[in-house]
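Working notes, beginning with the structure itself.
The values are calculated or read from the model by the stated rules, or taken from the named source; none is laboratory data. Quick caveat: nothing in here was measured; it's all calculated off a predicted structure. All Cβ positions, glycine included, derive from the backbone under ideal geometry; neighbour counts span all protein chains shown. Calculation scope for accessible area: heavy atoms of the full protein, side chains included, ligands and nucleic acids excluded. Shrake-Rupley method; radii C 1.70, N 1.55, O 1.52, S 1.80 Å.
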Amino acid sequence: MYVPSRALIQESIYDEFMERALKRVKEIVAGDPLDTNTMIGAQASEEQLEKIMSYFDIAEQEGAELITGGKRRKSADHGGYYVEPTIYKGKNNMRIFQEEIFGPVVSVTTFKTKEEALEIANDTLYGLGAGVWSRDMNTAYRFGRAIQAGRVWTNCYHVYPAHAAFGGYKKSGIGRENHQMMLEHYQQTKNLLVSYSEAPAGLF
């Protein structure tokens with residue numbers, strides 16, 4: 001599953017957007033992943049939990065602003081390595097923006113122009129997946145084409161049709177899975193040039 005690491009928000013709507021986003025974050029239900037009401041489970045191991053917590057220390061040192069979360073989630077109902085859904089605000093050159101944390105953590109920053117948004121979006125070593133939200137379909141289409149990621153969702157996120165090609169750009173890997181094109185990785189191309197005429201063909 002894709003774990004989105006960054007959210008780029010147009011400067012003029014930042015306050016309203018975050019007010020609504022934080023309300024949704026507080027409604028996230030953590031618990032047993034086999035419970036159908038659960039929205040977020042535990043981390044796979046204590047090692048992964050500690051890795052995530054170490055990023056919080058780094059974010060603080062780099063001057064990122066903690067918006068919500070940033071702690072272990074404790075519950076009497078279930079054990080496990082739970083982390084509160086966490087949001088930081090900062091700049092794209094910070095480690096929490098640039099590295100893949102693989103936890104319930106998203107880093108937010110703002111942009112003024114479409115050109116700035118695209119520059120920030122592509123300023124990363126990774127390119128597995130991205131999402132674009134816009135009511136202007138011209139903008140949405142152009143961003144989908146220009147973002148350096150193997151899969152770009154437009155006005156949706158985490159939609160997984162079985163036949164859609166899966167794979168990344170840059171340090172997110174090469175090659176594709178799930179689509180017919182992935183068969184090409186297991187084949188060699190051969191050309192058979194055959195004449196069925198009984199008369200001589202060409203120079204020979």
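Under 11 Å from a point placed 7 Å out from the Cα of Leu125 along the Cα-to-Cβ direction: which residues of the range 85-109 have their backbone N that close? Those under the cut-off are 98-100. Averaging 1/r across all pairs of distinct Cα atoms in the range 1-85 and inverting the result yields a Kirkwood radius of 14.7 Å. If I fit a long axis through the Cα atoms of helix 137-146 and take the longest principal axis of the Cα atoms of the chain, what angle between them do I get, 0 to 90°, rounded to 10? So the inclination is approximately 70 degrees.
Restricted to Cα atoms, the chain shows a radius of gyration and a Dmax of 22.7, 86 angstrom. Each listed q (0.13, 0.18 Å⁻¹) maps to a log10 I(q)/I(0) for the range 27-138, found by the Debye formula over equal Cα scatterers with no solvent: -0.59, -0.99. Rounded to the nearest 20 debye, the dipole magnitude of the range 10-118 is 200 debye, with +1 charges on Lys and Arg beta carbons, -1 on Asp and Glu beta carbons, and the Cα centre as origin. Computed from Cα atoms alone, the Kirkwood hydrodynamic radius reported for the range 104-200 is 16.4 Å. The range 76-169: which GluC sites (Glu not before Pro) are DSSP loop and have at most 13 other beta-carbon atoms within 10 angstrom? Answer by residue number: Glu100.
The alpha carbons of the range 31-73 give a radius of gyration and a Dmax of 12.9, 38 Å, in that order.
Against the chain, whose longest principal axis comes from its Cα atoms, helix 46-62 is set at around 70 degrees. Relative to the longest principal axis of the C-alpha atoms of the chain, give the angle of the C-alpha long axis of helix 14-25, reported between 0 and 90° and rounded to the nearest 10°. Helix 14-25 sits at roughly 80 degrees to that axis. Amide H to amide H, with H built 1.01 Å from N, Thr68 comes under 5 Å of Ile87, counting only residues 5 or more places away or on other chains. Applying the criteria of a DSSP loop state and at most 15 other Cβ atoms within 10 Å to the GluC sites (Glu not before Pro) of the range 1-82 yields Glu27.
The Cβ shell under 9 Å around Ala165 holds other residues with a net charge of +1, Lys and Arg each +1, Asp and Glu each -1. If R0 is taken as 45 Å, the Cβ-Cβ distance between Ile13 and Asn191 corresponds to a FRET efficiency of 0.25. Any chance you could look up the accessible area of Thr36 with a 1.4 Å probe, heavy atoms only, rounded to 10 Å²? Here the accessible area works out near 130 Å². Looking at the range 125-176, the chymotrypsin sites (Phe, Trp or Tyr not before Pro) that sit in a DSSP loop and have at most 16 other Cβ atoms within 10 Å of their own Cβ are Trp133, Tyr157.
The range 93-156 and the range 36-62 have Cα centres spaced 22 Å apart.
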